[in-house]
Amino acid sequence: MENDKENIIQAVVIMDLFNNNFEPISNKNPMGLLPVAGVPIIDYVLESLVSGGVGEAILFCCQDSLQIKDHVKKCKENKVPWSITLDVQIISSDTCQTMGDVMREIDAAGLVRGYFILLGINSITNINFAALLEQHKQTCKKDKGAAMTLVYKEVAWQHPLLSNDKTLLLAVDGRNHKILMHQKYKPKSKETSVSLPLECVLQHSEVKLHNNLVDANIAICSPSVPPLFSDNFDFQNRDDFIHGILINEDILASSLYYTMMKETQYGAAITNWKTYQTVCWDILHNWVYPLSIETDSFYKNTFMYMGRHIFRKTNSSLSRSCTLVEDVLVGAKTHISDMSRVSKSMIGNNCTIGNHVIIHGSHIMNNVVIKDNCQIINSFINDNCIVEMNSNLEGVVASDNVCIEEGSNLKGNILVETIKNDITLKKTSSESGTEWENESSGKEDDEYVGFDEEWSNSESCYSSDSSAESSLPDSPIPEDTNIFLQEVIDSLARGYEENLKCDYLILEINSSRYAYNIQLHEVNFFVVRALLSMPILEDTKSVLSTVKDILKYFRPVISNYIKTKSSIMDCLKAVEDSCIKNIWLDGKAGQIIHLLYEADIVDEDSLLEWYEDLKENESPLKDQTSIVKFFEWLQEASEESEDSD
């Protein structure tokens with residue numbers, strides 16, 4: 001019996017992050033109960049341990065242990081799959097302030113029997129822990145000092161988990177996977193060079209460098225790891241441990257190794273709101289299979305799959321005129337009303353979403369009421385909140401029980417309800433949005449990274465200083481923007497045919513924009529591109545007359561987007577692109593820009609600047625007869641105006 005216990009794989013799960021990256025949400029509830037795609041994160045962790053061959057899990061809590069115990073108890077009573085084979089111990093200590101303190105407590109109490117898995121409560125994965133543990137044991141046979149094997153996932157360099165988290169540079173021995181250097185950089189670090197110790201090159205015949213690794217906060221540990229923490233009190237977190245081993249390898253007689261997850265395996269650590277958002281979407285896309293909504297790992301056939309990675313509880317209700325775009329989760333007894341649009345968002349149980357509401361990239365928890373004509377973009381709204389009518393929230397994190405006043409326009413706010421003289425106080429993280437960095441006092445020295453607010457109106461990527469401009473006619477439109485363009489064309493064509501109000505069309509365009517993460521300068525470009533690509537132009541015998549009517553009808557739409565110098569340049573580049581690609585506009589570029597000029601949509605200075613760009617970039621339009629004649633006319637009109645003055 002004792003031998004059987006020796007063979008059981010142990011895992012230690014650190015239940016606290018030791019930072020304030022998820023405040024104020026983490027102030028009342030432990031990280032383990034934070035819903036990720038509708039499921040408490042602890043359920044993912046425990047399910048992944050069972051799937052990976054682990055038989056015993058030690059959950060070490062430094063706070064809120066009672067809530068964790070209650071949750072685990074309920075899971076056992078309900079006989080969830082992991083509870084049948086996984087032995088879960090919950091250990092709590094109010095004195096531990098860091099991950100290093102936890103490891104010293106584990107060592108003092110003798111909680112681990114030998115080799116074990118070490119991971120954080122923020123680790124989401126579907127790897128085979130048993131296979132990795134066996135691999136680590138084989139490494140230990142070759143190197144008696146092997147203390148830890150770190151587990152990484154190799155991804156494309158532009159992956160959102162890399163761009164929104166600390167960047168890791170790893171130098172390793174190419175033959176045996178021993179780690180030689182481990183360096184982390186803050187998100188958006190401006191470091192342009194790295195220093196590789198000379199001995200790394202001289203003492204190893206093959207050195208590999210990795211800078212596209214996702215750290216899933218998972219390590220396979222030897223029995224020596226807890227005593228190493230006990231012997232070195234300056235080891236406060238895992239990074240301290242890694243750096244200490246690398247610097248003092250000879251003194252500590254210990255070494256570190258790494259391993260890569262297989263291509264079909266998933267691993268990520270939720271470290272801030274942006275990585276939280278990314279992992280939620282990954283789960284809906286089945287990247288963490290078999291931990292999946294579709295395979296009922298956590299549910300009992302109560303979700304309905306609607307295509308495009310959209311899931312809703314069977315007892316939720318949707319108005320016939322509401323739209324679920326993609327990557328959406330709708331909880332039980334939630335109602336979404338007329339003309340509302342939801343994309344890339346999770347909505348919890350018992351929520352009421354009003355009419356003409358746009359929700360994109362957001363996480364709405366339970367019992368939330370969002371009233372008519374609201375926009376919720378890239379935000380987290382916790383339980384029992386009320387968002388009154390005509391409110392716009394971008395990059396907002398709201399604690400539970402917050403009431404947001406009618407007509408509020410908030411960007412980058414942290415909202416906390418504090419009952420004092422019946423006043424709801426709102427706490428703002430900063431004055432300028434949601435790149436909340438250097439706000440953290442966390443002991444792990446992590447950065448507070450919030451959701452993005454509205455995409456900025458930066459200089460146009462189609463303006464004269466853009467490197468993309470010269471290749472515009474030959475560059476394929478990316479998938480999302482191509483879909484966005486088609487949706488705008490469809491909206492405008494329907495609006496023109498059915499004589500709809502332009503205000504409604506603007507709402508539809510903005511909704512599509514948020515659904516496909518289209519930046520504002522791109523919206524300027526594609527709205528004009530769509531106007532000149534409407535099906536009616538392809539069928540009409542009088543193209544210019546129809547274009548004139550279209551510009552007149554959609555003037556409110558154009559005015560909503562084309563109103564700054566950079567947006568006018570976007571407009572003119574859209575005209576260039578349309579006249580090159582649309583057969584019905586062939587040879588009519590000069591007349592099109594003349595119509596725009598007469599309608600006061602574009603100005604003379606912008607036209608002249610654009611014309612110079614045409615000539616400089618050898619555009620096919622630069623020698624077109626209609627273009628040459630228009631600018632000759634413009635020059636003459638300008639001279640006549642000067643003479644009359």
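The values are calculated or read from the model by the stated rules, or taken from the named source; none is laboratory data. Keep in mind the model is a prediction, meaning the values are calculated, not measured. In this analysis, Cβ positions are derived from the backbone assuming ideal geometry, glycine residues included, and neighbour counts consider all displayed protein chains. Protein only, heavy atoms only, side chains kept; ligands, DNA and RNA dropped before computing areas. Shrake-Rupley method; radii C 1.70, N 1.55, O 1.52, S 1.80 Å.
Assorted remarks:
- Top-ranked residue in segment 205-226 [being at pLDDT 85 or above, small (Gly, Ala, Ser) and not in a strand (DSSP E or B); ranked as surrounded by the most Cβ atoms within 10 Å (Cβ to Cβ)]: Ser222
Each row is one residue, and each column tells you yes or no for (1) surrounded by fewer than 20 Cβ atoms within 10 Å (Cβ to Cβ); (2) among the hydrophobic types (A, V, I, L, M, F, W, C); (3) touching a Pro at 6+ places or on another chain (Cβ under 7 Å); (4) not in a loop (DSSP other than H, G, I, E, B).
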{"position": "Leu228", "(1), (2), (3), (4)": "no, yes, no, yes"}
{"position": "Phe233", "(1), (2), (3), (4)": "yes, yes, no, no"}
{"position": "Asp240", "(1), (2), (3), (4)": "yes, no, no, yes"}
{"position": "His243", "(1), (2), (3), (4)": "yes, no, no, yes"}
{"position": "Asp250", "(1), (2), (3), (4)": "yes, no, no, yes"}
{"position": "Thr259", "(1), (2), (3), (4)": "yes, no, no, yes"}
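- Enumeration of residues in segment 144-194 that are surrounded by 15 or more Cβ atoms within 10 Å (Cβ to Cβ), at pLDDT 85 or above and part of a loop (DSSP other than H, G, I, E, B): Gly145, His177
- Taking segment 2-69 as the region of interest, the helices (runs of 4 or more DSSP H) fully inside it that hold 1 or more residues being among the aliphatic types (A, V, I, L, M) are 25-28, 41-51.
- Enumeration of residues in segment 132-143 that are open to solvent by 20 Å² or more (accessible area, probe 1.4 Å) and either in contact with a Gly (Cβ under 6 Å, 6 or more places away or on another chain) or not basic (Lys, Arg) (or both): Leu132, Glu134, Gln135, Gln138, Thr139, Asp143
- Close pairs from segment 134-159: first among the charged types (D, E, K, R), partner open to solvent by 40 Å² or more (accessible area, probe 1.4 Å) and not in a strand (DSSP E or B), Cβ under 7 Å, at least 6 apart: Lys137/Tyr115
- On inspection, Ile127 passes the criterion of being under 27 Å from the mean Cα position of the chain (by Cα), part of a loop (DSSP other than H, G, I, E, B) and in contact (Cβ under 8 Å) with a residue 60 or more places away in the chain.
- Annotation note: Cβ proximity below 8 Å between a residue of segment 529-549 that is free of Cβ contacts under 8 Å to residues at least 12 places away in the same chain and a residue that is of a type in the set (A, V, I, L, M) (sequence gap 6+ or interchain) occurs for Thr546/Ile536; Thr546/Leu537.
- Filter result for Leu118 (assigned to a strand (DSSP E or B) and surrounded by 21 or more Cβ atoms within 10 Å (Cβ to Cβ)): yes
- Residues in segment 237-255 that are hydrophobic (A, V, I, L, M, F, W, C) and under 24 Å from Asp16 (Cα atoms): Phe241, Ile242, Ile245.
- When segment 100-117 is filtered for residues that are in contact with a helix residue (DSSP H, G or I) (Cβ under 7 Å, 6 or more places away or on another chain) and under 14 Å from Leu59 (Cβ atoms), the ones remaining, listed by number, are Ile106, Val112, Ile117.
- Among the numbered conditions (1) free of Cβ contacts under 8 Å to residues at least 40 places away in the same chain; (2) in contact with a strand residue (DSSP E or B) (Cβ under 8 Å, 6 or more places away or on another chain); (3) closer than 21 Å to Cys221 by Cβ; (4) crowded, with 16+ Cβ neighbours inside 10 Å, the only one that Ala109 does not meet is (4).
- Residue match in segment 21-31 (condition: at pLDDT 90 or above, under 22 Å from Tyr115 (Cβ atoms), under 24 Å from the mean Cα position of the chain (by Cα) and buried (at least 18 other Cβ atoms within 10 Å of the Cβ)): no
- Screening Asn524 with (1) open to solvent by 10 Å² or more (accessible area, probe 1.4 Å); (2) more than 23 Å from the chain's Cα centre (by Cα) gives one miss only, at (1).
A quick yes/no check of all residues on (1) of a type in the set (S, T, N, Q); (2) farther than 18 Å from Glu497 by Cβ; (3) open to solvent by 10 Å² or more (accessible area, probe 1.4 Å); (4) part of a helix (DSSP H, G or I):
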| site | (1), (2), (3), (4) |
| --- | --- |
| Ile536 | no, no, yes, yes |
| Thr546 | yes, no, yes, yes |
| Pro556 | no, no, yes, yes |
| Asn560 | yes, yes, yes, yes |
| Ile568 | no, yes, yes, yes |
| Cys571 | no, yes, no, yes |
| Ser578 | yes, yes, no, yes |
| Gly587 | no, yes, yes, no |
| Asp605 | no, yes, yes, yes |
